[in-house]
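**Student:** Got a structure for you, written out below as structure tokens; questions coming shortly.
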Amino acid sequence: QVQLVESGGGLVQTGGSLRLSCGASGRTLSGYMVGWFRQAPGKEREFVAAINWSGVGTNYGDSVKGRVTISRDNARNTVYLQLNMLKPEDTATYFCGAATRGSILTFTPAYWGQGTPVTVSS
């Protein structure tokens, strides 16, 4: 079973950038699709992005498309989420998830990390 650990969250001003990281222990991430979701207080968890095992295929949620880039470095066993042009409405806890089945187009994680908070000040 893969254990996921997110890092890189924090406080940033509107228009700023952050890079989130999702690392794994217990197993290599290279055999997994990995993605990011976010959840703001009082709201449902929302899909942000997903990447296939090779890193060639990616999928993005409509609310972040054009401002977010997902990538992976299998040698470092890490998946990254680059957040640019951040807005106050991007404030949420960001979770990474991993799965071996399904598609990045309908990404449904079997494993979740604990999340890393992102706060965007206006």
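**Student:** If I compute solvent accessible area with a 1.4 Å probe over the protein chains, what percent of it on the chain is carbon and sulfur?
**Tutor:** With neighbouring chains kept in place, the figure for the chain is 48 percent.
**Student:** For segment 51-109, with the dipole built from +1 on Lys and Arg beta-carbon atoms and -1 on Asp and Glu ones, taken about the Cα centre, which of SER54, CYS96, THR78 lies farthest toward the positive end?
**Tutor:** Result: SER54, furthest along the dipole toward the positive end.
**Student:** Using a 10 Å cut-off on Cβ atoms, rank the peptides 61-73, 100-112 from the highest mean neighbour count down.
**Tutor:** The packing order, highest mean first, is 61-73, 100-112.
**Student:** In whole Hz and in residue order, list the ³J(HN,Hα) couplings for segment 111-121 that follow from phi through the Karplus curve 6.51 cos²θ - 1.76 cosθ + 1.60, θ = phi - 60°; x for Gly and Pro.
**Tutor:** Going residue by residue, I get 10, 10, x, 8, x, 9, x, 10, 10, 10, 8 Hz, with x marking Gly and Pro.
**Student:** I'd like to check one number: the per residue accessible area of segment 1-119, probe 1.4 Å, reported in Å² as a whole number.
**Tutor:** Solvent-accessible surface per residue comes out at 52 Å².
**Student:** Taking only the alpha carbons of the chain, what extent do you get along each of the three principal axes, in Å, biggest first?
**Tutor:** Sorted largest first, the three principal extents are 39, 27, 25 Å.
**Student:** Residue by residue, what Karplus-based ³J(HN,Hα) values in Hz, rounded to whole numbers, does segment 60-69 have, using 6.51, -1.76 and 1.60 with θ = phi - 60° and x for Gly and Pro?
**Tutor:** Those phi angles translate into 10, x, 4, 6, 10, 4, x, 10, 10, 10 Hz.
The values are calculated or read from the model by the stated rules, or taken from the named source; none is laboratory data. Predicted, not measured: the structure shown is a model, and the values here were computed from it. Ideal geometry is used to build each Cβ from the backbone, glycine not excepted, and the neighbour counts take in all protein chains shown. Just so you know, the surface numbers come from the protein's heavy atoms only, side chains and all, with ligands and any DNA or RNA stripped out. Shrake-Rupley method; radii C 1.70, N 1.55, O 1.52, S 1.80 Å.
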